[in-house]
1. Among the residues of the stretch B:71-80, are any more than 14 Å from chain A (Cβ to nearest Cβ), over 15 Å from the mean Cα position of the chain (by Cα) and in a helix (DSSP H, G or I)?
2. Restricting to the stretch A:91-102, name every residue that is open to solvent by 10 Å² or more (accessible area, probe 1.4 Å) and aliphatic (A, V, I, L, M).
3. Within the stretch B:78-113, which residues are hydrophobic (A, V, I, L, M, F, W, C), within 19 Å of B:ALA151 (Cα to Cα) and out of contact with any helix residue (DSSP H, G or I) (no Cβ under 9 Å at 6 or more places or on another chain)?
4. Looking at the stretch B:99-135, which of the residues that are more than 28 Å from the chain's Cα centre (by Cα) and assigned to a helix (DSSP H, G or I) is farthest from B:ASP185 (Cα to Cα)?
5. Return the pairs, sorted by first residue and then second, in which the second residue is open to solvent by less than 50 Å² (accessible area, probe 1.4 Å) and of a type in the set (D, E, K, R), the first residue lies in the stretch A:222-239 and is outside any helix (DSSP H, G or I), the beta carbons are less than 9 Å apart, and the residues are 6+ apart or on different chains.
6. Just wondering, is there one or more residues in the stretch A:215-237 that are surrounded by fewer than 21 Cβ atoms within 10 Å (Cβ to Cβ) and among the hydrophobic types (A, V, I, L, M, F, W, C)?
7. Where residues in the stretch A:144-153 are more than 14 Å from chain B (Cβ to nearest Cβ) and open to solvent by less than 40 Å² (accessible area, probe 1.4 Å), which of them is nearest to B:GLU16 (Cα to Cα)?
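The values are calculated or read from the model by the stated rules, or taken from the named source; none is laboratory data. Since we're looking at a predicted model, the values are computed, not measured. As a convention, Cβ positions derive from the backbone with ideal geometry for all residues, glycine included, and neighbour counts pool all protein chains shown. The protein model used for the area step is the full one, side chains on, heavy atoms only, and it has no ligands, DNA or RNA in it. Shrake-Rupley method; radii C 1.70, N 1.55, O 1.52, S 1.80 Å.
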Amino acid sequence: MKFTAEQIIDKSAKWVISFFIASAGLWLLAAALLAYCAAAKLTDPFFLSTFEFFTYGKVKIAQANAFVYGWGGNSIFAVSIWIIARLAQAELRGRFLLIASGIIWNVGITLGLLGILDGHMNAHEMLEMPREIWPLLFISYSVIASFIIVTHRSRSKHETIAPQWFILASLLWFPALFIIAWNGLEINPARGTLQAVLSMWFGQSLIWLWLTPFALGVAYYLIPAITGRPIDKYYLAIFGFWCIALLAPWSVVHHLEGGPVPMWIPAIGTVMSIAMIFPIAVASTNFHATAFKDIDIVWNNLPLRFVIFGTLSYTISSYIGVVFSLPAVAKLTQFSIINEFHFNQRVYGFFSMIVFGAVYHMLPRVTGKDIPVGAKSFHFWTSALGVLMLLLAYLIGGLTHGVLAQQPSLDWASSVIASIRPYFLITQIAFVILGLSQLVFVINIWKVLFPNPFQFLNNSSNDSAKNAVA
Amino acid sequence: MAPAKFDGMKDDDMVEIHSNLGREKHPPTKGFLVAPLIFVFGCLIFVCSIQLAHSTNSFQVHPPQEIVELTEEEKEALRLERKLDSGKKIFTSKCASCHQPNGLGIATQYPPLAGSEWVSANPELITKIILKGLKGEITVKGEKYGTSPAANMVAVPINDREIANVSTYVRNAWGNSASEVFESDVADIRTNTAGQNEQWIGEALQSEYLSGASTE
């Protein structure tokens, strides 16, 4: 039998991708559970309050880490392996080492989360897992990223295109950010304010330079791959890429507005955030001008619908983010639950939606089996509903919170907390909906990946039966 | 095998097509109107530079000092407020043990300062009392004090400014309302009475300063 080039590539990557997607799914569920616990604690402080492991501070941090490193990390590996191999038209290299480092990565995160729940937290944003875990994670990450780059280097065509830039850059930026932050926080700890600035910078840049460019790269790949049209105004993409690379690490510091840091830091952050309008506009022109030429495909093709939801959410909320970075507005919203809006928008509304789309596009090709349409569209609609509820609740609740908190005459418990409590209730419901939809997603991908998990039992029992007969 | 409903684009073609697109030379006008673009760019750069100029505080490490412009009246009010605050502190530590924090004194022992005609009289009087002390019989608000030799007041060892502050406070607390006492006047009185070691005698001061007031 003759295989096409694509089929050979897919076969070479099948087990690695299955491993990473399967683990990503489990982390997604873990994160959903923790997210619900954290949200429930805000409406009912006595929820699970008798367990020391489950205090709010620990659960909340564990959730963010499970989400970003567990779900984010694994799905980034899976999807970038596939897209990079496909675009390079080269078979995947180093399969064994990839799976081995993948196991180390996942064990590392598991230990790290247990460490967090046990109280061995590290006090730096998104570096909360205990110190001892990080070398493990860093090495396994480096191995995985190196093999993806090796695969890319063996590409058949010399030229590279937008999805490759974004995905490879995100693969390289994470270790770069990590080394800078780790050096300045642990190896040669910076003194005073600088440490707080660095810690906050890492936490935010991680989202802007790791998750965001990756998801943008996936969108740059999937939109032409599905619609069959080349990216519209493609010549802008390179401009958008360098804008993100140069502006994003500066723009994130606007979150320090009003903090005890030299004033020029948040001021530069604000200016750079305003300048971020360019890359946002470029990405959204590229995506939407291409996709909306056939609104039909967007509507009918589920992976594409997920991706376009993600890119739309990226565009809209990034613009909202620019508005919130203006000092006049930031003064109001700085210390409110608006921060939750930014985080959840990035990781749920944008990153995860695009990854869902990519997984639905990729799995049937890699495994040769399709996921039932009903499950997919249930997943889409519940996700969309959950995300919208979550984001609106955090946005409106955050504004209310910020404005009320500015009035010292109001009594804190009886008026401020009481008036944002309903929003916490909404987020709690939203997390239930999201959890449900993610459960459906994970069950379905597991069913496709391991259609008959107990097959080996049957085989071996058959064998032994045969042996017995013989 | 792939169950795609739409043909989509093969990866090979995708790389090919986009590489070609990337190689193409684009005149800057293609697909975009230059004028509005430049305008938007210009506006953004303008807004950004204003924002930078306003809020970077010339890249200094420390936040700027708040410079608040006060009118003359506000300055005066602020000065008086500070003087009274300081006077209150001095009163609590140096005088309240005898005259009590509420300024009412203790019957037959320590005369009241609240509503006392001694306090509100010529500022020289209270200054002199604090500087040198007071003994002998006096009448305050119609009551007699200092009837026993033990019940007298010794000089309070504080400097001119403190005397000015505490007298100003006493003359304006608990419903009293009399003029401010100035440091320079206190200094004058101190030099004028430099030779005196004894306490003042109650009747002498009373007849000098309060002859009209205490007729009873």
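1. The initial filter retains those residues of the stretch B:71-80 that are more than 14 Å from chain A (Cβ to nearest Cβ), namely B:71-80.
If we keep only those that are over 15 Å from the mean Cα position of the chain (by Cα) too, we end up with B:71-72.
This time we only want the ones that are in a helix (DSSP H, G or I), so: B:72.
The answer is yes, given that some residue of the stretch B:71-80 is more than 14 Å from chain A (Cβ to nearest Cβ), over 15 Å from the mean Cα position of the chain (by Cα) and in a helix (DSSP H, G or I).
2. A:LEU97, A:ILE99, A:ALA100
3. Within the stretch B:78-113, B:ALA96, B:CYS98, B:LEU104, B:ALA107 meet the criteria.
4. Per the stated criteria, the residue is B:GLU117.
5. Taking only residues 6 or more apart or on different chains, the pairs are A:GLY228/A:ASP294; A:ARG229/A:ASP294.
6. Within the stretch A:215-237, none of the residues are surrounded by fewer than 21 Cβ atoms within 10 Å (Cβ to Cβ) and among the hydrophobic types (A, V, I, L, M, F, W, C).
7. Residues of the stretch A:144-153 that are more than 14 Å from chain B (Cβ to nearest Cβ), as a first pass: A:144-150, A:153.
Adding the requirement that they be open to solvent by less than 40 Å² (accessible area, probe 1.4 Å) leaves A:144-145, A:148.
Values: A:ILE144: 27, A:ALA145: 25, A:ILE148: 21 Å.
It comes out as A:ILE148.
Every residue, every condition in (1) at pLDDT 85 or above; (2) open to solvent by 30 Å² or more (accessible area, probe 1.4 Å), yes or no:
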site	(1), (2)
B:LYS89	yes, yes
B:THR92	yes, yes
B:GLN109	no, yes
B:VAL119	yes, no
B:TYR145	no, no
B:ALA150	no, yes
B:VAL156	no, no
B:ARG161	yes, yes
B:ASP188	yes, yes
